[in-house]
Amino acid sequence: MGSIDFNQIFREYSQRLHYIAYSYAKDRFLAEDIVQEALLKAYKKLDTVEDSNKLGAWLSAITARTAIDFLRMEKEKTGCS
């Protein structure tokens, strides 16, 4: 997918990703952590994106899966079933 400015990606998609993370976490600070982790994952795999038109959907999916992982870890920490 050519050269990509990750700062531009952050500016363009940050609000959407925070909304997704918050919809899972229901906590602003946890949502921020989720978005940071999701963006780190995305940055590491950015070269695998073949269609830049699907970047938003790709980032959204990463954020949703990261949120689920975070919540699963939180649940395990607290020992809830």
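Key figures
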{"item": "Kirkwood estimate for the chain, i.e. one over the average of 1/r between Cα atoms, Å", "result": "13.1"}
{"item": "Tilt relative to the chain, helix 28-45 - C-alpha long axis, 0 to 90 degrees, to 10", "result": "40"}
{"item": "Stretch gain in nm, segment residue 36-residue 19, where the contour uses 0.36 nm per residue and the Cα spacing is subtracted", "result": "4.8 nm"}
{"item": "Bins of 5 Å from zero: percent of alpha-carbon pairs in the stretch 32-72", "result": "5, 27, 32, 21, 11, 4, 0"}
{"item": "Estimated inter-spin distance, residue 28 and residue 43, nm [label 7 Å along Cα→Cβ]", "result": "2.4"}
{"item": "Reachable aspartates and glutamates, given that their alpha-carbon falls under 17 Å from the alpha-carbon of residue 75 and they are not under 8 places away in the same chain", "result": "27, 33"}
{"item": "Approximate spin-label separation residue 8-residue 65, in nm, with each point projected 7 Å along Cα-to-Cβ", "result": "2.6"}
{"item": "Net charge of neighbours whose Cβ lies under 13 Å from the Cβ of residue 38, counting Lys and Arg as +1 and Asp and Glu as -1", "result": "+1"}
{"item": "Cα long-axis angle, helix 6-25 against the chain (0 to 90 degrees, to the nearest 10)", "result": "20"}
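Each reported figure results from applying straightforward, stated rules to the coordinates on display, with no laboratory input. Remember, predicted model here, so these are calculated numbers, not experimental data. Because the Cβ atoms are built from the backbone with ideal geometry, glycine has one as well, and the counts that use them run over all protein chains shown.
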